[in-house]
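Since the structure comes first, as structure tokens, the remarks are kept for the end.
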Amino acid sequence: MAETYKVADLRAKSEDELKALLVELKREQINQRFSAATGQSENTSRVKVVRRTVARIKTLLHQSKNRAGAQTSAANS
């Protein structure tokens, strides 16, 4: 996977798509880690990009969960 994700692109995706992308990026992160450990890593900057993209996705999932919780608590009040 050689693409980078912008926040606006990630916000346009559904929660299920974000979770699937997160799993895919976590796998890539593990593969990058093994490649770096064995000295086979060609694109070392990709590690940083993947790590930050994972953080963005986790942040968006957390924000959407908080928004949904706030809306239900406001409706119950």
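Please treat every number below as a calculation from the coordinates, not as lab data. Owing to the predicted nature of the structure, the values given are computational and were not obtained by experimental measurement. So basically every Cβ, Gly included, is an ideal-geometry build from the backbone, and we count neighbours across all protein chains shown.
Just a few scattered comments:
- Using the Cβ-Cβ distance between residue 29 and residue 73 with R0 set to 22 Å, the FRET efficiency from 1/(1 + (r/R0)^6) comes to roughly 0.05.
- FRET efficiency for residue 58 and residue 38, using Cβ-Cβ distance with R0 set to 25 Å, rounded to 0.05: 0.35
- Rh by Kirkwood over Cα pairs, then Stokes-Einstein D for the stretch 7-76 at 1.002 mPa s and 20 °C, µm²/s: 157 µm²/s
- Per-pair calculated FRET efficiency, R0 = 30 Å: residue 9 and residue 45 via Cβ, rounded to 0.05: 0.90
- Magnitude of the charge dipole for the chain, about its Cα centre and with charges confined to Cβ atoms of Lys, Arg (+1) and Asp, Glu (-1), is about 300 debye.
- As a length-normalised measure over Cα pairs under 8 Å and 6 or more apart, the relative contact order of the chain settles at 39 percent.
- To the nearest ten degrees, helix 45-76 and the longest principal axis of the Cα atoms of the chain are 10 degrees apart.
- The residue among 20, 45, 70 whose Cα reaches farthest toward the positive pole of the charge dipole of the chain, with charges on the beta-carbon of Lys, Arg, Asp and Glu, is 70.
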